[in-house]
Amino acid sequence: MYGGQKALDHLNLNVKEGDIYCLLGANGAGKTTTINLLLGFIEPTSGTAFINQLNVQENLKHTKKFLAYIPENLMLYPSLTAVENLDYFSGIAGKTFSTPELKGFLEEAGLQSEAFSKRISTFSKGMRQKVGIAIALAKEAKVLLLDEPTSGLDPKASNEFGRLLRKLKDKKVATLMATHDLFRAKEVATHIGIMKDGQLKQQFVAGDISLSELESAYLNTMDYKEVAP
């Protein structure tokens, strides 16, 4: 509840290992609130959030061990290099790696080797997101939470990010991504949900719906009128 208004209303969502579940919806639909509940940033007034079958509110520290979180603007230390950031954040997760191992995670995440020793302050958003994926890989995260991770990325960087998500899918990572990008959702998701006013209005298996059908479903749910060509 925010100011007496429900941010989420009877949301029932289950993301299994190997799933990439994309949540679509306008600003204020409840996508970020859903992610914040799973992160333990806010406490539900009713209902329960679970990570790996553990109640998030009752096991905040323990559930964070399973999680990696990449927001729209990933916060890294700008004066540190990619390797140094990865070393720091994997250390917080209780992991210790040699420099070659750290570079291996960055390489697996798609970061070019010449960027490994450069300061994050020189990185594009797409490069920072790759460091975020490397952190998830190093942490051996079972759950990946993404809040508008492709916003502001050019088509090439967005496509590369989608490829990395599919790589994590093959590692049985459960991914929940809040996004406005219908095209990217259709491309990478196994499941897609459309939210409005805190409610999950529609759900689809991504392979069972075309992009044009998804667009129509989204516009109808949002009560937007389609514009004729």
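The values are calculated or read from the model by the stated rules, or taken from the named source; none is laboratory data. The shown structure was predicted, so the numbers you read here are calculated from the model rather than taken from an experiment. Here Cβ is always computed from backbone atoms with ideal geometry, including for glycine, and neighbour counts include all displayed protein chains. Just the protein is used for accessible areas: all its heavy atoms, side chains included, with ligands, DNA and RNA removed. Shrake-Rupley method; radii C 1.70, N 1.55, O 1.52, S 1.80 Å.
When ASP170, ASP208, ASP181 are checked against the criterion of being under 15 Å from the mean Cα position of the chain (by Cα), assigned by TED's automatic domain parsing to the domain that holds ALA49 and of a type outside the set (Lys, Arg), a single residue qualifies: ASP181. I'm trying to understand the selection: among the residues of segment 1-27, which are in contact (Cβ under 8 Å) with a residue 12 or more places away in the chain and open to solvent by 30 Å² or more (accessible area, probe 1.4 Å)? Matches in segment 1-27: MET1, LYS6, LEU8, ASP9, HIS10, LEU11, ASN12, LEU13, VAL15, LYS16, GLU17. The lone criterion from (1) buried (at least 18 other Cβ atoms within 10 Å of the Cβ); (2) part of a helix (DSSP H, G or I) left unmet by SER121 is number (1). Residue count for segment 65-88 satisfying the condition of being over 16 Å from LYS130 (Cβ atoms) and in a strand (DSSP E or B): 1.
The residue pairs whose first member lies in segment 119-146 and is more than 15 Å from GLY162 (Cα to Cα) and of a type in the set (S, T, N, Q), whose second member is assigned to a helix (DSSP H, G or I) and open to solvent by 10 Å² or more (accessible area, probe 1.4 Å), and whose beta carbons are closer than 9 Å, counting only pairs six or more residues apart or on different chains, are SER124/ALA157.
Note on segment 170-229: enclosed strands (runs of 3 or more DSSP E) holding 3 or more residues that are open to solvent by less than 30 Å² (accessible area, probe 1.4 Å) and in contact (Cβ under 8 Å) with a residue 24 or more places away in the chain are 174-179, 191-196. For segment 49-64, what are the residues that are open to solvent by 80 Å² or more (accessible area, probe 1.4 Å), without any contact (Cβ under 8 Å) to a residue 60 or more places away in the chain and part of a loop (DSSP other than H, G, I, E, B)? GLN53, GLU58, listed by residue number. Checking LEU153, LEU165 one by one, the residue that is touching a residue at least 40 places away in the same chain (Cβ under 8 Å) and within 24 Å of THR32 (Cβ to Cβ) is LEU165 and no other.
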